[in-house]
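Below is one structure, written out as structure tokens; the observations come after it.
The values are calculated or read from the model by the stated rules, or taken from the named source; none is laboratory data. In this text the structure is predicted, and so the values were computed from the model without any measurement. Cβ placement follows ideal geometry from the backbone for every residue including glycine, while neighbour counts extend to all protein chains displayed.
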4 protein chains.
Amino acid sequence: MTNEELTNKTEETQETQDIKTNENTESVEKKEENNVEMEEKKKEKKEVKPTWKYYTYDGSTKTKKLVIDKRGKKYLIAKENKEFGNDLGVANLTDVSEGNVLPTHKGDEFYLVEPTAFDIIKKMKRSVTTLLPKDIGLIIAYCGIENGETVIEAGTGSAGLTMYLSQAVGKEGKVVTYEKRPEFAKIARKNLEIMGSVKLNQPIIGVDEEPVETEPILNEVAESKKVYNVIQKIGDITEGIEEQDVDVIVLDMPDPWNVVPHAKQALNKAKGRIAVYVPYIEQSKKAVEALKENNFLDIITIECILREMDISEKGVRPSTRMIGHTGYLTFARVCPEKLPLNEE
Amino acid sequence: MTNEELTNKTEETQETQDIKTNENTESVEKKEENNVEMEEKKKEKKEVKPTWKYYTYDGSTKTKKLVIDKRGKKYLIAKENKEFGNDLGVANLTDVSEGNVLPTHKGDEFYLVEPTAFDIIKKMKRSVTTLLPKDIGLIIAYCGIENGETVIEAGTGSAGLTMYLSQAVGKEGKVVTYEKRPEFAKIARKNLEIMGSVKLNQPIIGVDEEPVETEPILNEVAESKKVYNVIQKIGDITEGIEEQDVDVIVLDMPDPWNVVPHAKQALNKAKGRIAVYVPYIEQSKKAVEALKENNFLDIITIECILREMDISEKGVRPSTRMIGHTGYLTFARVCPEKLPLNEE
Amino acid sequence: MTNEELTNKTEETQETQDIKTNENTESVEKKEENNVEMEEKKKEKKEVKPTWKYYTYDGSTKTKKLVIDKRGKKYLIAKENKEFGNDLGVANLTDVSEGNVLPTHKGDEFYLVEPTAFDIIKKMKRSVTTLLPKDIGLIIAYCGIENGETVIEAGTGSAGLTMYLSQAVGKEGKVVTYEKRPEFAKIARKNLEIMGSVKLNQPIIGVDEEPVETEPILNEVAESKKVYNVIQKIGDITEGIEEQDVDVIVLDMPDPWNVVPHAKQALNKAKGRIAVYVPYIEQSKKAVEALKENNFLDIITIECILREMDISEKGVRPSTRMIGHTGYLTFARVCPEKLPLNEE
Amino acid sequence: MTNEELTNKTEETQETQDIKTNENTESVEKKEENNVEMEEKKKEKKEVKPTWKYYTYDGSTKTKKLVIDKRGKKYLIAKENKEFGNDLGVANLTDVSEGNVLPTHKGDEFYLVEPTAFDIIKKMKRSVTTLLPKDIGLIIAYCGIENGETVIEAGTGSAGLTMYLSQAVGKEGKVVTYEKRPEFAKIARKNLEIMGSVKLNQPIIGVDEEPVETEPILNEVAESKKVYNVIQKIGDITEGIEEQDVDVIVLDMPDPWNVVPHAKQALNKAKGRIAVYVPYIEQSKKAVEALKENNFLDIITIECILREMDISEKGVRPSTRMIGHTGYLTFARVCPEKLPLNEE
């Protein structure tokens, strides 16, 4: 049921909408209102028979597929969907897999591919704005996140970062993500399901829920490849961190300084690292002060100004519009501590 | 023997040296020349007995350790080293592991920790300049590199990016890295050994070498955690890519456009992505043209301007010096293709 | 008549409109449609009597005045206007000058001030996009434009840069501005009139016009302060530059490289400088090559990335939206030449 | 005498030195130590006779000349110097003026030109770091500084900004520059003399000095072109501003917020504007708060990130090294005020 909701929706790229206006985005819902027209389209559609063979792909690890049309528009659609259409026509999705060209009844083409976390972030349902890939990349690179590590994240938000962290630590690793608001955690879970980071309807620690009957898994091969390494928790991380020997803590929350003393306790003394993302410079300053007070090493604050380049036949130039700022990122490493003799 | 060379050296941060001048970096080699002085230090050193217990850590997956002194200076040192010293004193390394505070004979302290890829890139031996973490992060984030994927990289260079890719795809994944120059590949191997991305003296495909007797593995627990998923190859990738069903291809080379047609063949049709890193805008333009000609989708060229912030008691301001430019990054996704019927 | 058109209009900030969407800009024209409502407002308005004295200012050098309301909205209005109003009310403009607070009939306040070139650029009528103040500032600073110098500019465009150049060289200096399209030159003239850079209806060289009866000058004192140092010309500067001993040439046109040989001839050998503004990097490259071929010295190409800061009670951060790129600026100095002996 | 000191010195570009290291700058002083070698050079030099005519220029408004060699190195030299030389040879300066090519005794060439404020800032003697041209340009453009205006500046510093302001307002305008430290004001005066912004040894208000016998003016024509519109004052502007009806106030000092109430009084109500330059963001914030408390309008804070482009045969790319930050600039306009009725 809940799954149904997701599958019949094509979320628009919120980020892009924020920046570019007047983009004529074609809505899938719109199509579905015109059932009559659709029926007619279906009739026509039967005439289109591909003169080529379909490619076989069974490695999908996502619960959704990505359709790209010739104009570059993207649609995140449910695995179960039998057909997909926009103003360029309707295409049959039965018995085809990612990696195929799909003919539409109007003679156009769709490309069916597997979405990456980058695509999902742009298309997923959001409770709040999510970290942009540029900042996620810096977190992974500056923390040097490794396969097999344990990462704590707060807050979960829309789980954009969580998806990436889940892939970065892999099956042998673990991501524990704290979120204060249960309704946000539920939206995040849906996004994590798409990515294969959690099982369908995986319980969220701290949320009492009716057991939900989940959809059968469509593809056994892919299932074995899924990471399923994210644990969602409802809780206020400023009140303490339950986990121990944590490798990396990533904070995307308004008052990260209140977490720093807990982070110091929870982080592995040999390799514990912390990353703090905040929009305002005063927040960075307070975070840096808290890190210094708690003897963190190697404290650095950076900002990434991302420029997109317009490369066309007319010439090359940086794009006219750009995102001026998202946030500041602070990184540090926990300092080894002397263990008192009497503690033995 | 070869290992010896590595272990007795403390490579300086080349990147930092490029930017900051006049930094008084203390050399470990210098110390080793003064054997007489050292002997005296050793005598003094025996007097320093810690009044605390040492922390136990057996999770190290690196072949080197990182020493940080109180001023923030860092030294990448061999696992086997029995002691380490600089102008702040000499500390005993016997029976201590990463995560410990080490007293020096002068009453100062060193912090012994496990290096991350971020630290290793800054300290490792280099054949050429390596991609900076900011650009590596963008590659991982924009490609959406996942656990278990197969990634092709060319050229290997100093293997800074390779280390990160190795961790990003994890034990179930694979990184094949092409390099034209055998001598560069050998330097790269040493860096990959530090990271646990290749076995000690792992053969490089295309290089005939005398078998080398490798050092015994010091720590069995850590050994089991190592990724060992990188394959080094000597070869010119513009002549063709042997691998098939590749998930991601990353090109850091002067003429990436010559690889694009090969990339189109090698990439998995369902999820194949490509990343191209070049310093000059004309190179980006040629790469974009080659990608368009080969029907790649979702082509985007970006640049990351990284700003470091100085946060002190005097106030907050972006740092006065900064790296103005490293390179442009172009990303694209391979387009699904129609398979001819008669191919069956 | 033509003047009438200008005076009864309040041009919106085009630049701001380009960047910020959804801004609820109040139109003055709208007001004028509601004559009935206005009549009622006038009746009410009579009730508002200021309990303060008006400030006297007779230094205005502009043909328009700037009204700023309490929300920071700005309106460029004609000197002759008897009243001005928007949704915050209507204010009487009789017998008040710039520098005054004007009560509206609704109890609100308007601020009546003298516009600067910065304000005029944002509000003026445009034929094409104009150089932004950030780039104009760089041109003035990098060329080191001085009082009394002769500056050639091409093309005139909307005359945003011309206004600034006019002020920079002052009464003893001269700005000759080339424009190929007469209709653009006429729009530019209106903007230059506002600034006091040309006399009302000053002839444009190359445009035959009926003499126009100009409005009487309102303020004799201000008249004496006006610079009136701009000469507008219709012509294609790639065909040659008539002026000699020119101090500075500024090119904002698609093919500046075609002007470089002419610039070399026209520029004063002791201090001739050139500035070239183009949006595409290929254009900069071609301009630099032309400058090198013509032995120009001190060639430098720069770009200004302007960041606006949001400073509020919540904290400080760079603005989320920003202009990513306007153009590249190249500067150079003409090289002294050997004069042949037989030329004497 | 004092002039002598200046004329025999070639100040190096301090800004460039800060950024680029290892630049092999040739010192003129070095040459002068080798008198013997010089004598020999002079003998040789006599052999070099130009086969071309010299260009005549009598428009110089500076007290110094600029020599540029073929490598682009620049030397600011005294008008009276009879010859100039570096490692490329020695050239005769007798009877030649700016705008000429000068043969050296080694067969090389020097270019003798008139320096602009841009050149002088790079070469002048400094008490403190001076505003860079990029920030000076923004001040002129955002304030919309006009010919004939009265500008107040504090502090004078090395007078880099003062030179530009002096040219921007021209002969009919006036720049009053406050400086707390008399020794800085004296260095600033020397720089202002070069530019023709003050008369030689013009008294500084607040400094008692012995009258100095000034050098005779070399060039009567140029003298008439000089602006001479700067007044230097010793004083603490936070204690009050004596001037009234000021058009623009520019503050480059640590505590500009303490000047804001005085600025409000001193600024012309119809067009008074203020610009504040500070390196730290906390300073900007305090300045903005002070401006808001004092009802200033149109408050905006910006930062200019200047990028230099490397354009060579290898391709185009932004320069690797760049200045990451200089300062934040805040601009505002004074708000008209109600004048109390009883004040009449």
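This table checks each residue for (1) modelled with pLDDT of 85 or more; (2) surrounded by fewer than 19 Cβ atoms within 10 Å (Cβ to Cβ); (3) of a type in the set (D, E, K, R); (4) under 23 Å from the mean Cα position of the chain (by Cα).
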| position | (1), (2), (3), (4) |
| --- | --- |
| B:14 | no, yes, no, yes |
| B:27 | no, yes, no, yes |
| B:31 | no, no, yes, no |
| B:47 | no, yes, yes, no |
| B:67 | yes, no, no, yes |
| B:86 | yes, no, no, no |
| B:89 | yes, no, no, no |
| B:95 | yes, yes, yes, no |
| B:98 | yes, no, yes, yes |
Given D:269, D:264, which one is touching a strand residue (DSSP E or B) at 6+ places or on another chain (Cβ under 8 Å), more than 22 Å from residue A:280 (Cα to Cα), of a type outside the set (A, V, I, L, M) and buried (at least 18 other Cβ atoms within 10 Å of the Cβ)? D:269
So, in the range C:291-337, how many residues would count as being outside any strand (DSSP E or B) and more than 10 Å from chain A (Cβ to nearest Cβ)? 11
Does the range C:329-338 include one or more residues that are among the basic types (Lys, Arg), buried (at least 20 other Cβ atoms within 10 Å of the Cβ) and closer than 27 Å to residue D:101 by Cα? yes
Consider residue C:185 carefully, then state whether it is in contact (Cβ under 8 Å) with a residue 60 or more places away in the chain and away from every other protein chain (no Cβ under 13 Å). no
With the checklist (1) farther than 23 Å from residue B:134 by Cβ; (2) touching a strand residue (DSSP E or B) at 6+ places or on another chain (Cβ under 6 Å) in hand, flag the one item residue A:298 doesn't pass. (1)
Going residue by residue through the range B:146-162, is there one that turns out to be touching a strand residue (DSSP E or B) at 6+ places or on another chain (Cβ under 9 Å), of a type in the set (A, V, I, L, M, F, W, C), over 22 Å from residue A:140 (Cα atoms) and more than 14 Å from every other protein chain (Cβ to nearest Cβ)? no
Sort through B:208, B:247 and tell me the only one that's of a type outside the set (A, V, I, L, M) and surrounded by fewer than 21 Cβ atoms within 10 Å (Cβ to Cβ). B:208
Exception for residue A:138 within (1) of a type outside the set (Gly, Ala, Ser); (2) free of Cβ contacts under 8 Å to residues at least 12 places away in the same chain; (3) within 14 Å of chain B (Cβ to nearest Cβ) falls at (2)
Among D:271, D:285, the single one that is within 14 Å of chain B (Cβ to nearest Cβ) and either of a type outside the set (Phe, Trp, Tyr) or not in a helix (DSSP H, G or I) (or both) is D:285
What are the pairs, 6+ residues apart or on separate chains, where a residue within the range D:254-266 that is touching a residue at least 40 places away in the same chain (Cβ under 8 Å) has its Cβ under 8 Å from a residue that is among the hydrophobic types (A, V, I, L, M, F, W, C) and part of a loop (DSSP other than H, G, I, E, B)? D:259/D:241; D:259/D:253; D:263/D:241; D:263/D:334; D:264/D:296; D:264/D:334; D:266/D:241
Which of the residues that make up the range D:119-154 are buried (at least 24 other Cβ atoms within 10 Å of the Cβ) and in a loop (DSSP other than H, G, I, E, B)? D:124, D:130, D:131, D:144, D:145, D:146, D:147, D:149
Assess whether residue B:77 counts as being over 15 Å from residue A:268 (Cα atoms) and within 9 Å of chain A (Cβ to nearest Cβ). no
Could you say whether any residue in the range A:93-115 is within 12 Å of another protein chain (Cβ to nearest Cβ) and under 30 Å from residue A:234 (Cβ atoms)? yes
Taking the range A:49-65 and keeping residues in contact with a strand residue (DSSP E or B) (Cβ under 7 Å, 6 or more places away or on another chain) and surrounded by 21 or more Cβ atoms within 10 Å (Cβ to Cβ) leaves A:64, A:65
From (1) under 19 Å from residue A:151 (Cα atoms); (2) crowded, with 21+ Cβ neighbours inside 10 Å; (3) more than 14 Å from chain C (Cβ to nearest Cβ), pick out the condition that doesn't hold for residue A:277. (3)
With respect to the numbered conditions (1) facing another protein chain (nearest Cβ under 7 Å); (2) within 27 Å of residue A:308 (Cβ to Cβ), which one is the sole condition not fulfilled by residue B:254? (1)
